[in-house]
Amino acid sequence: MSFCRFCGEGLTDTVVDLGMSPLCESYVRPEALNSVERFYPLRVLVCRSCWLVQLDEYVSAEDIFTEYAYFSSYSTSWVEHMHRYADDMRARFDLDGNSRVIELASNDGYLLQWFVEAGVPVLGIEPAANVAAAAEAKGVQTLVKFFGHELALQLATRGRMADLLVGNNVLAQVPDLNDFVAGMKTILSPTGVITLEFPHVMRLIDENQFDTIYHEHFSYFSLHTVATILADYGLEVFDVDELPTHGGSLRIYARHDDDLSRPVEPSVKELLGREDAFGLTRIDRYQQFTAQVEETKRNILDLLIGLKRQGKSVAGYGAPGKGNTLLNYCGIRTDFLDFTVDRSAYKQGLSLPGTHIPIFEPAEIDRRRPDYVFILPWNVKDEIVEQMAHIREWGGQFIVPIPRPEIIP
Ligand SMILES: [Zn+2]
């Protein structure tokens, strides 16, 4: 039996079992194509006590995150999203040259660079040395470390506390949630604000986004569960935004629970009410998810089998982590997708984990002119359809697999 990562309750309820899958970010080098590959179970559980949706920790965080292939700056829309965020936060919380912004998992400085540009002191904390080096090159001071309570104590003792503490898409990847949240409490200045962004588990369930489940994401959050966890450490959620990023995310705002200078906004109660009505605090809503996911797999395969029977060619677009869950779970290999392309030079020349679909530069699509382009990062489908609009010149069309497979002419 496994136990809840937050509250320690025994976990008895499976939300969905996606079978055996390789690590999503373990792209295969050409010389390794004939070697054995490691597959791990990809089974999602839910805790009946705190409703945290979670995976067992099959692989240690050190193994996953110390040489992470993903450089945030490669997605144009994401960098723009962060530029707006930096401007909004500076205005709303009066951040200036006397403030400090600390980001947990600061990646290549995609966010903190905007604060640096505006003259606000920053500190990034990032365990992957290769991406931290890219941040330093942008003038973003970065500590190459895993964040937790011990590091927070060291920094706080030296007076390095956060007026704005940011965690974007990091909470899901934290193996020891309690240690991480205790660290956030410790490093937050008395009137400081925490913002956390994470994919909203309500959207994941409602829109069949099973491919956002992968080994690197240990936890999947509702507002209900995040507020419960933070409250346990003396932190209170006082506002929440719903964002379109990553298929539907939440940005929560939290502060010390005794800092009454910022009242709790009506948005918090309103969303908690909608989560409740959706069923996130009832076991039966989670139990329905397996049937939904299996039907989505059958629909995706129906579409691809139909196209292949008509003799059509299909190429992939993108090599995101989520694509690998979808392809491995559905059993889609080069029998369906001839190849895929990605703008990240780091991934070009490698193959996708498990399925071994080769990754080329985007120009390969222009050379081979496939009838269909299967968009793996469907969360940025509008951006991709615009970038690749020229495939229509040879009659090319797009396939978007989630929430239900559809063709975009
Ligand atoms: Zn729990």
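The values are calculated or read from the model by the stated rules, or taken from the named source; none is laboratory data. What you are looking at is a predicted structure, and each value in this text was computed from that prediction instead of being measured. So basically every Cβ, Gly included, is an ideal-geometry build from the backbone, and we count neighbours across all protein chains shown. What goes into the accessible areas is simple: the full protein's heavy atoms, side chains included, and nothing from ligands, DNA or RNA. Shrake-Rupley method; radii C 1.70, N 1.55, O 1.52, S 1.80 Å.
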Could you rank the peptides 161-173, 127-139 by their average count of other C-beta atoms within 10 Å per residue, with the highest value first?
161-173, 127-139
Relative to the first principal axis of the alpha-carbon coordinates of the chain, what is the inclination of helix 321-330, with its axis defined by its Cα atoms, in degrees from 0 to 90 and to the nearest 10?
50 degrees
Which part of segment 37-51 falls in the paramagnetic zone of residue 17, meaning amide N under 16 Å from the point 7 Å along Cα-to-beta-carbon?
40-46
Give the average over all directions of the projected area of the C-alpha convex hull of segment 151-305, one decimal, in nm².
10.3 nm²
Tell me the angle of helix 289-309 to the major Cα principal axis of the chain, expressed in degrees between 0 and 90 and rounded to the nearest ten.
30 degrees
With every protein chain left in place and a probe of 1.4 Å, what is the accessible surface of residue 80, to the nearest 10 Å²?
100 Å²
Show log10 I(q)/I(0) for segment 257-359 at q = 0.16 Å⁻¹, two decimals, from a solvent-free Debye sum over equal Cα scatterers.
-0.81
If I model a spin label as a point 7 Å beyond the Cα along the Cα-Cβ vector, how far apart are those points for residue 313 and residue 287 in nm?
4.9 nm
Taking R0 as 35 Å, what FRET efficiency do you get between residue 130 and residue 369 from their Cβ-Cβ distance, rounded to the nearest 0.05?
0.50
Report, as a whole number in µm² per second, the diffusion coefficient that Stokes-Einstein gives for segment 310-409 at 10 °C and 1.306 mPa s using the Kirkwood radius over alpha carbon pairs.
119 µm²/s
Work out the length of the dipole vector of segment 115-226 about its Cα centre, built from +1 on the beta-carbon of each Lys and Arg and -1 on the beta-carbon of each Asp and Glu, and round it to the nearest 20 debye.
400 debye
Report the local net charge at residue 77: Lys and Arg +1, Asp and Glu -1, summed over other residues whose C-beta lies under 15 Å from its C-beta.
-2
As an exercise, take the mean of 1/r over every pair of distinct alpha carbons in the chain, invert it, and state the Kirkwood radius in angstroms.
22.2 Å
With all protein chains present and a 1.4 Å probe, how do 108, 382 order by accessible area, largest first?
382, 108
Ordering 394, 78 by how much accessible area each has at a 1.4 Å probe, largest first, what is the list?
394, 78
For residue 393 and residue 48, FRET efficiency with R0 = 60 Å and r from the beta-carbon atoms, rounded to 0.05?
0.65
Please give the helix 76-92 orientation as an angle from the longest Cα principal axis of the chain, in degrees from 0 to 90, rounded to the nearest 10.
20 degrees
Under the √(5λ) rule applied to the eigenvalues of the Cα gyration tensor, what semi-axes describe the equivalent ellipsoid of segment 70-198? Give them in Å, descending.
20, 18, 14
Pop the C-beta distance of residue 294 and residue 77 into the FRET formula with R0 = 35 Å and round what comes out to the nearest 0.05.
0.65
Using the charge dipole of the chain (Lys, Arg: +1 at Cβ; Asp, Glu: -1 at Cβ; taken about the Cα centre), state which of 129, 165, 230 has its Cα farthest towards the positive end.
129
Solvent-accessible area per residue, Å², over the chain with all protein chains present [probe radius 1.4 Å]
40 Å²
